[in-house]
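Could you have a look at this structure, given as structure tokens, before my questions?
The values are calculated or read from the model by the stated rules, or taken from the named source; none is laboratory data. These figures come from a predicted structure and were not determined experimentally. Virtual Cβ from ideal backbone geometry, glycine too; neighbours counted across all protein chains shown. Surface areas here come from the heavy atoms of the whole protein model, side chains and all, with no ligands, DNA or RNA. Shrake-Rupley method; radii C 1.70, N 1.55, O 1.52, S 1.80 Å.
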Amino acid sequence: MRASWLVALAFLLASCGSKPEETRIGFVPKSLNQEYWVNTQKGAEAGAKHGKVKLLTHAAGDDTQIVEQIDIVENLIAQEVDALVIAPSDSDLLKPVLEKAAEKMPVVLFDSDIKDWKPKTAYVGTENKDGGIKAGEYIAKVLEKEGTLAIVSGIPGSQVGIDRVDGVKEGLKKAGAKTKIVKEVTGQFDREQAVGAMEDILQTNPDVDAVFAANDQMALGAIQAIDAHKKTDQIKLIGFDGALEATQHILAGDMYATIAQDPYGMA
């Protein structure tokens with residue numbers, strides 16, 4: 001994050017200091033049912049302790065519960081928190097409530113940006129398209145610029161998922177690969193739904209050479225389907241996040257690679 005953004009955030013937080021009570025920051029990850037989001041909570045708690053502020057953490061049941069996340073933000077506004085740090089589950093649907101929040105407090109987006117949304121104080125996160133490009137270039141390398149690729153994408157409308165998948169396609173193109181994308185199925189950023197998505201892929205493309213999953217939870221779900229079809233040695237599976245469990249599967253030979261992020265440091 002740029003230093004100027006940090007200064008702006010510090011100034012805006014200080015400007016909220018007219019209240020007699022301690023500074024309270026609402027922290028809203030998309031969920032807390034995955035290793036990635038739990039690590040963001042731990043990072044936010046460490047940052048709050050260092051900054052001597054009170055952290056109010058609230059999360060929806062899973063990444064797809066957009067209405068629940070909107071309600072969480074409404075409640076934090078009603079509680080008159082001093083600032084909001086949020087990973088928006090949907091770039092468009094969260095805008096109205098975030099604009100309402102931005103009229104009253106600094107709003108910092110993390111993990112998932114809303115492009116060209118001017119009211120945000122800052123965005124802290126991975127350059128997801130760049131990560132996708134690296135994945136695409138790696139896939140081109142391991143497939144020797146040939147073969148077939150299937151994609152398990154995230155939640156429709158999620159800028160994170162869009163950027164990662166677009167990045168993979170651009171990475172293949174940059175590498176000059178002739179690799180054909182044979183199917184793209186949404187796994188909703190969810191492990192269980194990714195099992196079904198991978199089954200769908202294998203039913204129509206049983207000989208697919210590689211699969212890119214737009215997060216590690218979906219890659220872990222894909223492993224279950226791949227293993228059930230005894231395709232582990234055939235399919236090169238690439239994920240995104242750098243989750244510990246995914247790393248263990250790479251060492252075990254069930255996965256080929258993952259694009260690593262730093263959720264703790266980000267939050």
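How far apart, in nanometres, would the label points at Thr247 and Lys174 be if each is projected 7 angstrom from Cα along the Cα-to-Cβ direction?
Between Thr247 and Lys174, the label points sit 2.5 nm apart.
Can you tell me the 0 to 90 degree angle between the C-alpha axis of helix 159-174 and the longest principal axis of the chain, rounded to 10?
So the helix axis and the longest Cα principal axis differ by about 40 degrees.
Now, a different point. Which residue fluctuates the most in the chain, going by a Gaussian network model with Cα springs under 10 Å, if the choices are Thr204, Thr232, Thr247?
Judging by the Gaussian network model, the answer is Thr204.
Run the paramagnetic zone check for Thr204: 7 angstrom along Cα to Cβ, then residues of segment 169-193 with backbone nitrogen under 16 Å.
Residues 180-188 fall inside that zone.
Another one. Ordering Ile114, Ile25 from largest to smallest accessible area (1.4 angstrom probe), what's the sequence?
My answer, sorted largest first, is Ile25, Ile114.
Which angle between 0 and 90 degrees, to the nearest 10, do you get for helix 66-78 versus the longest principal axis of the chain when only C-alpha atoms count?
10 degrees
Same structure, new question: For segment 107-113, what does the Karplus curve 6.51 cos²θ - 1.76 cosθ + 1.60, with θ = phi - 60°, yield as ³J(HN,Hα) per residue in whole Hz, taken in order and with x for Gly and Pro?
With coefficients 6.51, -1.76 and 1.60, one gets 10, 10, 8, 9, 6, 10, 7 Hz.
A follow-up question, please. Per residue, how much accessible area does the chain have with a 1.4 Å probe, in Å²?
47 Å²
With 27 Å as the limit, write out which pairs from Lys180/Lys230; Lys134/Lys180; Lys118/Lys180; Lys115/Lys173; Lys49/Lys104 have Cα-Cα distances beyond it, or answer none.
The answer is Lys118/Lys180.
Okay, moving on. Measuring from label point to label point, each 7 Å out along Cα→Cβ, what is the Glu68 to Thr232 span in nm?
Label-label distance for Glu68 and Thr232, simple model: 3.3 nm.
With a 1.4 Å probe and all protein chains kept in place, how much accessible area does Asp92 have, in Å² rounded to the nearest 10?
Approximately 100 Å² for this residue.
Relative to the present Cα-Cα distance, how much length would full extension add between Glu146 and Lys115 at 0.36 nm per residue of separation?
That works out to 7.8 nm of additional length.
Got a number for carbon plus sulfur as a percent of the chain's accessible area, 1.4 Å probe? Don't jump to the answer; show the numbers that get you there.
Values: 6270 of 12520 Å².
Its accessible area is 50 percent carbon and sulfur atoms.
Using Cα pairs closer than 8 Å and at least 6 residues apart in sequence, work out the relative contact order for the chain, in percent.
This gives 16 percent for the chain.
Which of the listed residues, Asn215, Tyr264, Leu56, is farthest toward the dipole's positive end in the chain, when Lys, Arg count +1 and Asp, Glu count -1 at the beta-carbon?
Tyr264
Within segment 208-238, name every residue whose backbone N is under 14 Å away from a label modeled 7 Å from Cα of Val38 along the Cβ vector.
Under 14 Å, as judged by backbone N against the label point of Val38, lie 217 of segment 208-238.
Could you sort His50, His249 by accessible area so the largest value comes first, with the probe set to 1.4 Å?
Accessible-area ranking of His50, His249, largest first: His50, His249.
What distance in nm lies between label points placed 7 Å from Cα along the C-beta direction at Lys49 and Glu184?
Once both label points are built, they end up 4.2 nm from each other.
In degrees, nearest 10, range 0 to 90: what is the angle between the Cα axis of helix 3-15 and the longest Cα principal axis of the chain?
40 degrees
Next up: Could you work out [θ]222 nm for the chain from helices alone, using -39500 (n - 2.57) per DSSP H run of at least four and dividing by all its residues? Round to the nearest 500 deg cm²/dmol.
Numbers: 10 runs with 122 residues, N = 267.
Using -39500 (n - 2.57) per qualifying helix, the result is -14000 deg cm²/dmol.
Follow-up. Would you mind pulling out the separation of the Cα centroids of segment 161-204 and segment 78-120, in Å?
Segment 161-204 and segment 78-120 have Cα centres separated by 29 Å.
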